[in-house]
Amino acid sequence: MIELMPNIDSNSHVPIYVQLYRYIKQEIISGHIEPETKLPSIRKLSSFLKISRTTVEATYHQLSVEGYITSKPNVGYFVSKIDNDMLDYDKRNTISKIITDEDELDSHIRYDFVDEHVDSSSFDFKLWKRYINRALSFYDKRLLTYGSYQGEYELRKQINKYVLQFRGAVCFPEQIVIGAGVQSLLNMLCGLVKPFYSKVAFEDPSFNKARYIFKDGGFDIIPIPLENDGIETKVLSELDADLIYVSPAHQFPTGSIMPVNKRVQLLKWAYDREALIIEDDYDSELMYYGRPIPSLQGMNKGKDVIYMGSFSKIMLPSIRISYMILPEDMLEIYMRSKEKYNQSSSKLEQLALALFMEDGMLEKHIRRLRKIYAKKNQILIQAIKTIMGDNVNIIGERTGLHLLLEVKSSKNSDQLAAQAEKRGVKVTPISNYMIKPQQTGKPLILLAYGGIPIEDISDAIETLSDAWEL
């Protein structure tokens with residue numbers, strides 16, 4: 001007979017029987033209690049630990065149900081023989097420690113300039129809750145079923161109106177496919193185009209999470225160098241690719257805007273080569289000077305261009321709704337195999353967003369966003385100029401939720417990012433987005449300011465400047 005010595009906390013919110021169950025389970029998995037060992041009887045353990053018999057009985061019952069112990073009638077409870085190598089508790093503890101350590105690395109971060117946040121005041125949660133409730137009331141029966149493979153028609157209809165009015169994109173609702181984020185849609189797209197295409201060109205630097213999808217899908221990745229106004233079009237004639245991924249309205253991460261002459265050259269290249277352009281219309285709504293640039297897709301009346309759009313930055317990142325517009329020939333391919341791809345975006349949120357857009361709330365919301373982020377953009381630029389002065393150059397500040405800093409330093413971008421993190425400022429080095437390592441020029445650092453409160457901007461830049469000894 002063994003004695004069990006658990007540390008029972010009667011003040012914990014965790015029930016006592018759960019605490020005891022976890023303790024005995026851990027002892028069995030770790031091998032501290034060997035197989036075939038007889039456990040104390042319910043009466044003895046209850047008396048020893050000064051807890052009720054019902055609590056011990058509940059503990060033994062749960063362990064028995066999960067197979068950690070077995071009951072022999074009129075004899076008692078015995079530890080089962082388990083392959084502990086498959087249930088190595090120490091290894092699990094190690095994994096938990098690794099995860100905890102990673103969390104602790106970020107615990108000292110005071111200012112987070114990583115491209116994963118939006119402004120805390122930018123979203124009206126009460127208003128959104130009303131539209132969620134309306135969707136629950138209007139579509140209660142429909143919510144009992146899975147969503148449309150292609151996305152709810154009501155939302156596709158509203159997206160069709162929106163992209164035509166604000167982005168100049170030409171399509172029908174039937175050409176729109178909705179998914180939970182751009183990566184989800186690109187995964188699907190890879191499956192659709194893989195039988196016909198094998199090489200995809202990317203701007204360098206570019207949106208790395210899109211590249212990862214194509215690389216994992218077995219595509220050859222071909223870098224295209226950038227100029228101040230987008231891709232270097234003179235390389236197109238020699239480009240050995242049948243797909244090209246670009247963000248002409250707001251190149252990520254440089255922020256450059258592709259002028260009309262380059263757009264025409266790119267469209268001509270796709271037509272002559274029978275290639276496809278994937279247009280990522282990243283952050284195109286958030287332009288602070290002048291009007292948003294019309295889409296590449298609209299210039300070509302929807303031919304040879306797959307248009308990618310998302311609500312992640314203009315709504316909330318946690319509302320995982322993105323969309324792509326397929327040209328007619330690609331739509332035929334999709335329709336033949338669409339049942340392979342389950343809808344990944346929430347049906348409830350799709351229907352709520354459709355109602356939101358139908359009432360004109362999205363346009364009002366975007367106008368509000370532009371005011372918030374334009375002010376934040378101006379304050380950030382002014383802080384950089386005042387505090388860092390001629391030690392940096394600002395790139396791509398006219399639109400979107402980030403800008404680039406070209407830092408006059410002998411260190412590379414990774415070293416600068418590491419120095420900043422030691423001082424509690426998280427930034428992203430340009431190396432994260434490059435296909436080929438940066439060979440020449442000054443180091444570039446991306447500052448995404450969406451989640452930085454206005455009142456913290458000046459202190460954040462001051463801390464960053466100190467970290468870089470500017």
Within segment 460-470, the residues that are of a type outside the set (Gly, Ala, Ser) and in contact with a helix residue (DSSP H, G or I) (Cβ under 9 Å, 6 or more places away or on another chain) are 461, 462, 463, 464, 468, 469, 470
| query | Residues in segment 106-117: is at least one of a type in the set (A, V, I, L, M, F, W, C), open to solvent by less than 20 Å² (accessible area, probe 1.4 Å) and at pLDDT 95 or above? | reply | no
Over segment 48-71, the set of residues touching a Lys or Arg at 6+ places or on another chain (Cβ under 9 Å) and surrounded by fewer than 14 Cβ atoms within 10 Å (Cβ to Cβ) is 53, 66
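Here is a yes/no grid of residues against (1) open to solvent by 30 Å² or more (accessible area, probe 1.4 Å); (2) farther than 21 Å from residue 402 by Cβ:
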position: 227; (1), (2): yes, no
position: 233; (1), (2): no, yes
position: 242; (1), (2): yes, yes
position: 247; (1), (2): no, no
position: 258; (1), (2): no, no
position: 261; (1), (2): yes, yes
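Results for (1) farther than 30 Å from residue 174 by Cα; (2) at pLDDT below 95, shown as yes or no for each residue.
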| residue | (1), (2) |
| --- | --- |
| 325 | no, no |
| 342 | no, yes |
| 350 | no, no |
| 355 | no, no |
| 363 | no, yes |
| 373 | yes, yes |
| 387 | yes, no |
- [ ] Might you check whether a residue that is within 20 Å of residue 321 (Cα to Cα), in contact (Cβ under 8 Å) with a residue 12 or more places away in the chain and assigned to a loop (DSSP other than H, G, I, E, B) occurs anywhere in segment 210-226?
- [x] no
In segment 1-43, residues that are open to solvent by 100 Å² or more (accessible area, probe 1.4 Å) and touching a residue at least 24 places away in the same chain (Cβ under 8 Å) total 4
Within segment 417-431, restricting to residues that are out of contact with any helix residue (DSSP H, G or I) (no Cβ under 6 Å at 6 or more places or on another chain) and in contact (Cβ under 8 Å) with a residue 24 or more places away in the chain, the one that is most open to solvent (accessible area, probe 1.4 Å) is 422
Taking segment 387-416 and the residues there that are touching a helix residue (DSSP H, G or I) at 6+ places or on another chain (Cβ under 8 Å), without any contact (Cβ under 8 Å) to a residue 40 or more places away in the chain and not in a loop (DSSP other than H, G, I, E, B), the one that is nearest to residue 448 (Cα to Cα) would be 394
Counting only residues in segment 185-225 that are within 23 Å of the chain's Cα centre (by Cα) and among the acidic types (Asp, Glu), the one surrounded by the most Cβ atoms within 10 Å (Cβ to Cβ) is identified as 203
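The values are calculated or read from the model by the stated rules, or taken from the named source; none is laboratory data. Quick caveat, the model's predicted, so the values are computed rather than measured. Because the Cβ atoms are built from the backbone with ideal geometry, glycine has one as well, and the counts that use them run over all protein chains shown. These area figures cover heavy atoms from the full protein model, side chains too; ligands, DNA and RNA do not enter into them. Shrake-Rupley method; radii C 1.70, N 1.55, O 1.52, S 1.80 Å.
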